[in-house]
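J.: Input: one structure, supplied below.
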Amino acid sequence: MRAQVLTAAHRPLAMTELAPPKPAAGEVLIAVKACAVCRTDLHIVDGELAHPKLPLVPGHEIVGTVVEKGAEVDRHQLGDRVGVPWLGWTCGVCEYCRSGRENLCDRARFTGYQIDGGYAELTVADQRYCFPIPPSFDDVAAAPLLCAGLIGYRTLRLSGDGERIGIYGFGAAAHIVAQVARFQGRQVFAFTKRGDTAAQDFARGLGAVWAGGSDEMPPELLDAALIFAPVGALITAALKATRKGGTVVSGGIHMSDIPSFPYALLWEERVIRSVANLTRRDAEEFLALAPRAGIVTTTRPYPLAGANQALNDLRDGRLEGAAVLVP
C-alpha cells in the first residue's frame, strides 16, 4: 500500500510503499477513504510532540470501510463505514478507565502517534475505537468530525452552560463547534489573528454575533472562552474577556508557554482548564448530534501525495476549515 511516512521530526513526509497491515485480535483493517489533517499532526511533524513512534504514518481523523476483521471482532461487519479518532487504545483497568475517564488512561495509545494512522490507503484500528459515521456525511465531510469535531464538542461541554461563548482561533475545530453552540441557542464571539478579516467573515457566516482580533475585547463579557490556537498568551486575553465565575478551556494538546498574569484576572472564581483527548462517550454523543444540528464541514481535499502541501497550508494559515487527504 501507499503511505506517507514520518522518519524524523522536522522532515517532510515521504511517500512510501509498505506491506499492508494485518489486523490482530480485536482489530479491524480499514480501507481509508478520507483522513483530515489536524494541527496535532503538525505538532508531531514539527517536533513539538516529542515521542512519536518512528517511522510513523500520521493521521487520526480517519473515515473508511472495514475490509478485514481480526479474531474476536464483534462490533463491526465487513463493509461497515467507520471513523477512527485520536484515542486509539486504552487499558480498561486503570483507575481512569474504570471511572469513565479513559481519556486520561495511564497507558493510552494514540492514532497517528503511537499507532500508524490514516495518511495511507489502509490502516488497522482497535474495534472499540471505531465509530459508525452518520450517513448524511460523505467521506470527506465526515473526516473533520473525528477530531476537530470531537475535541471541539468536549471543549464546549466542559465550558459549562453559559450563553456567551468566545472562540479563540477560528480553524477546523472552531468552525464545527460554533455550529454546535448556535444549535444549542448560544451566542458565539469569534477571535482571530489581528487583521484576519477573511477568518472573521467566515465566523460571521457561521452565525457568530461578533468577530474581531484576539487582542480586542468583545462587546459583552463572555460566560466561557474556548481556545484552539496554540498560543499561551490567549489564556490571559480570554481571562480578561470572561466574566466573574466564567471558564476558560484550552482545547489543544500543545500550547506555547502561558505568560505570567496578575491574580486579579483569575480571582472572582474564574476557572482555567484543559481538555485531554476524548472518550467513547464524546464520540457517540457528538456523532449522533452532528446530523441533528445540521453541521456542515468546510473542507479542502488534497491527494495523499499532497500531504506535505496540506501541512504547509495549515502551518501558514492558508486554510478555511479543514484539509482532507483522499488516497
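FYI, it's all coordinate maths here, none of it is from the lab. Not measured: the values here are computed from a predicted model. Positions of Cβ are backbone-derived with ideal geometry, glycine not excepted, and every protein chain shown enters the neighbour counts.
J.: Using the beta-carbon distance between Glu284 and Asn308 and R0 = 25 Å, what value does 1/(1 + (r/R0)^6) give for FRET efficiency, to the nearest 0.05?
T.: Taking R0 as 25 Å, the efficiency between Glu284 and Asn308 is 0.15.
J.: Straight-line reach only, C-alpha to C-alpha below 19 angstrom: list the aspartates and glutamates that Lys240 could link to, leaving out same-chain residues fewer than 8 apart.
T.: Those aspartates and glutamates meeting the cut-off are Glu163, Asp215, Glu216, Glu220, Asp223, Asp257, Glu268, Glu269.
J.: Among Phe261, Phe137, Phe228, what is the fewest-to-most ranking by other Cβ atoms within 10 Å?
T.: Details: Phe261 14, Phe137 21, Phe228 26.
Listing Phe261, Phe137, Phe228 from fewest to most nearby Cβ atoms yields Phe261, Phe137, Phe228.
J.: Here is a follow-up. Under 26 Å between alpha carbons, and skipping anything fewer than 8 positions from Lys244 in its own chain: which lysines qualify?
T.: Lys193
J.: If you don't mind, another one. On each of the three principal axes of the Cα atoms of the chain, give max minus min coordinate, whole Å, ordered largest first.
T.: 56, 41, 37
J.: Could I ask something else about it? Calculated FRET efficiency, Glu269 and Leu104, Cβ-Cβ r, R0 25 Å, to nearest 0.05?
T.: Values: r = 25 Å, r/R0 = 0.99.
E(calc), rounded to 0.05, equals 0.50.
J.: Modelled label-to-label distance, Lys53 and Leu158, 7 Å Cα→beta-carbon offset: nm?
T.: The answer from the label model is 2.5 nm.
J.: Just flag the GluC sites (Glu not before Pro) in the range 24-123 sitting in loop per DSSP whose Cβ has no more than 11 other Cβ atoms within 10 Å.
T.: Passing both the DSSP loop test and the Cβ count: Glu72.
J.: Something else now. Once all Cα-Cα distances of the range 49-187 are split into 10 Å bins that start at 0, what whole-number percent is in each one?
T.: Percent of Cα pairs in each bin: 11, 34, 36, 16, 2.
J.: Quick one: check the C-alpha center-to-center distance for the range 170-246 versus the range 260-278, whole angstrom.
T.: 17
J.: Compute the helix-to-body angle for 172-183: its Cα long axis versus the longest principal axis of the chain, expressed 0 to 90° and rounded to tens.
T.: So the inclination is approximately 60 degrees.
J.: A further question follows. When the helices in the chain are scored as -39500 (n - 2.57) per DSSP H run of 4 or longer and the sum is shared across all residues, what 222 nm value do you end up with, to the nearest 500 deg cm²/dmol?
T.: After summing the helix terms and dividing by the residues of the chain, the value is -6500 deg cm²/dmol.
J.: Please give the contour-minus-distance gain from Val326 to His254: 0.36 nm per residue of separation, less the Cα-Cα distance, rounded to one decimal in nm.
T.: 23.3 nm
J.: Specify the angular offset, from 0 to 90 degrees and rounded to the nearest 10, of the alpha carbon long axis of helix 280-292 from the longest principal axis of the alpha carbons in the chain.
T.: It works out to around 70 degrees.
J.: Evaluate the Debye formula for the range 150-274 with equal point scatterers sitting on the alpha carbons, no solvent, and hand back log10 of I(q)/I(0) at q = 0.14, 0.20 Å⁻¹, in q order, two decimals.
T.: At q = 0.14, 0.20 Å⁻¹ the computed log10 ratios are -0.50, -1.08.
J.: Listing Asp46, Asp41 from the residue with the fewest other Cβ atoms within 10 Å to the one with the most, what is the order?
T.: Asp46, Asp41
J.: Which of Ile44, Ile30 has the fewest other C-beta atoms within 10 Å, and how do the rest follow up to the most?
T.: Listing Ile44, Ile30 from fewest to most nearby Cβ atoms yields Ile44, Ile30.
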